[in-house]
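Chemist: What follows is a single structure, and I will ask about it in a moment.
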Amino acid sequence: MHLRTRSDKIHIEAELLKRLYDECDGYAQRVHEKLIEEEHIAIQYSTLTRLLRQLGMSRNEETTRCDRVPDSPGAEMQHDTSPYSVLLGDTRTNVIASLLYLRYCKRRYLKFYRAFNRFRMKCFFDEALKFWEHAAPVCIIDNTNLARLRGAGKHAVIVSEMEAFSKQYGFRFVCHEKNHANRKAGEERSFWTVETNFLPGRRFQSLEDMNQQAFQWATVRMEHRPVAKTRLIPAQAFEQERPSLVPLTPHLPSPYLVHKRETDQYGYAAFDGNFYWVPGTDRQDVKLFQYADRLKIYQHRECLVEYPLPADGVHNALISPEGMPKPSRQPKNRKRPTEHEEQRLRALSDSVDQYLKFALQAGPQRHRFLRELFALSCRMTRTGFIRTIERALRYRIADIPALQRIARLCVSQDETPLPSVDVDESFLERDAYQQGRLTDAPDFSLYDIMLDDHEDDDG
């Protein structure tokens, strides 16, 4: 078969394309215009972009092949996170799964968090690597901002804080290339195993219960289960890989954050929605050292007390050392719920219920607004309060002072006759009345003067 060559094939010197590419700052469309207008070369735009790609001068990211990295003992570990929605008790909750994976021996460490930030990432690595007592010299991660400052892939620059952290444990972070998530395929496969083997058929009462089951699943069940076709058992493979790993330095300090707090008048320091008792009698400022599972209170470089962190979801708790009686005075700045006031207000009428739906979405402080509105309802008749609320709903008013002015207006316009009062005439025969009926009549002239002054002010 005779192959015919194209007679109209366009040849452009590579030097010309490079010069125009540099002059146009890499914009191929402008290079195309200059070739036609200045160089008088009729070329299709698609042909130009193909030639630029062949010369490696295209702005478009090309999908390149991944390097095949052999499984070598002690070569690397991989880390990633994945979001899940699970039932904790009877509540649907969003959690973040953090998983560390030793590539050669297939060993895993898994833990779940409500939220995952740089501090929790450091706490997770500290917990996992101290459990293994070894680390691989390289940890492959995606291009996450938790560890990466800028760049991507081989050009990624690691945050100095995370670089110093990893150096303590004998490894360094390495970001895989963009769109090459398969570079840590073992990690991705581990999340698939979590979704198909750990989560199905399990019930979790709390986040602590979930993490306890995850620890047992990852470090006991999966470590002694043969993996895939190789029938490799991670626990046995880890013993073979151990000499190639980096042993951890003894007595490594755990990650922590420092928070400055004031000691309130009751002797407590507030942190993360709870109140921690500060030993002593003064009210000097303290520093709270937050660790992964505990809290230390320091004053003048001296540790006063250490507390374990409360369980997930615990708030407004008064926490003091075990065996110590709670102080007689308690902080009063804890939140007071207003469900009872809101329920009673809504039960007054449909118009009050509609008004609350509008007012609570308008942006006032919910609890304060409900308390003041309930107090106003207690000072008025039911009819007058409902008229006030209907008027406020009509004019879209959600301000307590304005509501009070409307209430005064409604009361002043209310012409409902006062109900008659049944008087028991037998009071005339009472000893107290008989003793006081002969006393001097009271002088009410003072009230007449007050009324006259009030009328003058109005005038």
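The values are calculated or read from the model by the stated rules, or taken from the named source; none is laboratory data. The model shown is predicted, which means the values in this text are computed figures rather than measured ones. For neighbour counting, all protein chains shown are included, and Cβ atoms are generated from backbone atoms with ideal geometry for every residue, glycine included. Only protein heavy atoms, including side chains, enter the accessible area calculation; ligands, DNA and RNA are left aside. Shrake-Rupley method; radii C 1.70, N 1.55, O 1.52, S 1.80 Å.
Chemist: Which count do you get for residues in segment 114-147 that are under 15 Å from PHE191 (Cα atoms) and either surrounded by fewer than 19 Cβ atoms within 10 Å (Cβ to Cβ) or in contact with a Leu (Cβ under 9 Å, 6 or more places away or on another chain) (or both)?
Modeler: Residues meeting the conditions: 0.
Chemist: I've got another one for you. Please go through (1) modelled with pLDDT under 80; (2) farther than 30 Å from ALA152 by Cα; (3) surrounded by 13 or more Cβ atoms within 10 Å (Cβ to Cβ) for ASP8 and return the number of the only condition it doesn't satisfy.
Modeler: With respect to (1) modelled with pLDDT under 80; (2) farther than 30 Å from ALA152 by Cα; (3) surrounded by 13 or more Cβ atoms within 10 Å (Cβ to Cβ), ASP8 is out only on (3).
Chemist: Let me ask something else about it. Hey, any hits in segment 153-169 for a residue that's surrounded by fewer than 16 Cβ atoms within 10 Å (Cβ to Cβ) and of a type in the set (Lys, Arg)?
Modeler: Checked against the condition, which is being surrounded by fewer than 16 Cβ atoms within 10 Å (Cβ to Cβ) and of a type in the set (Lys, Arg), segment 153-169 yields at least one hit.
Chemist: Now for a separate question. Applying the selection to segment 280-299, what residues are over 24 Å from CYS123 (Cβ atoms) and at pLDDT 90 or above?
Modeler: ASP285, GLN299
Chemist: Within the set of pairs 6 or more residues apart or between chains, which connect a residue that is modelled with pLDDT of 75 or more inside segment 411-432 to a residue that is not aromatic (Phe, Trp, Tyr) with Cβ atoms less than 8 Å apart?
Modeler: Note: pairs meeting the criteria are VAL411/MET380; VAL411/GLY384.
Chemist: Among the candidates SER206, SER190, which residue alone is surrounded by fewer than 17 Cβ atoms within 10 Å (Cβ to Cβ), at negative phi and small (Gly, Ala, Ser)?
Modeler: Numbers: SER190 fails: surrounded by fewer than 17 Cβ atoms within 10 Å (Cβ to Cβ).
Just a single option satisfies the conditions, and that option is SER206.
Table: residues versus (1) under 18 Å from MET121 (Cβ atoms); (2) of a type in the set (A, V, I, L, M).
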residue	(1), (2)
VAL138	yes, yes
ARG148	yes, no
HIS155	no, no
GLU163	yes, no
SER166	yes, no
TYR169	yes, no
THR193	no, no
THR196	no, no
PRO200	no, no
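Conditions tested, residue by residue: (1) in a loop (DSSP other than H, G, I, E, B); (2) under 27 Å from the mean Cα position of the chain (by Cα); (3) free of Cβ contacts under 8 Å to residues at least 60 places away in the same chain.
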position	(1), (2), (3)
ALA237	no, no, no
HIS251	yes, no, yes
PRO255	yes, yes, no
HIS259	no, yes, yes
ALA269	no, yes, yes
PHE275	no, yes, yes
GLY280	yes, no, yes
ARG283	yes, no, yes
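Chemist: Please tell me if ARG231 is at positive phi, at pLDDT below 85 and open to solvent by 30 Å² or more (accessible area, probe 1.4 Å).
Modeler: Considered against the rule, which asks whether it is at positive phi, at pLDDT below 85 and open to solvent by 30 Å² or more (accessible area, probe 1.4 Å), ARG231 comes out as yes.
Chemist: Can you work out which of the residues in segment 370-401 that are at pLDDT 90 or above and aromatic (Phe, Trp, Tyr) is farthest from SER412 (Cα to Cα)?
Modeler: The residue in question is PHE374.
Chemist: Tell me, which helices (runs of 4 or more DSSP H) lie completely within segment 117-206 with 2 or more residues that are among the aromatic types (Phe, Trp, Tyr) and farther than 17 Å from PRO83 by Cβ?
Modeler: 118-132
Chemist: When you check ALA214 against the structure, is it among the small types (Gly, Ala, Ser) and under 25 Å from ASN94 (Cα atoms), yes or no?
Modeler: yes
Residues are listed down the side, and each one gets a yes or a no for (1) closer than 18 Å to ALA407 by Cα; (2) among the polar types (S, T, N, Q); (3) loosely packed, with under 15 Cβ neighbours inside 10 Å:
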position: LEU345; (1), (2), (3): yes, no, no
position: SER349; (1), (2), (3): yes, yes, no
position: VAL352; (1), (2), (3): yes, no, no
position: TYR355; (1), (2), (3): yes, no, no
position: LEU373; (1), (2), (3): yes, no, no
position: ARG379; (1), (2), (3): yes, no, yes
position: THR383; (1), (2), (3): yes, yes, yes
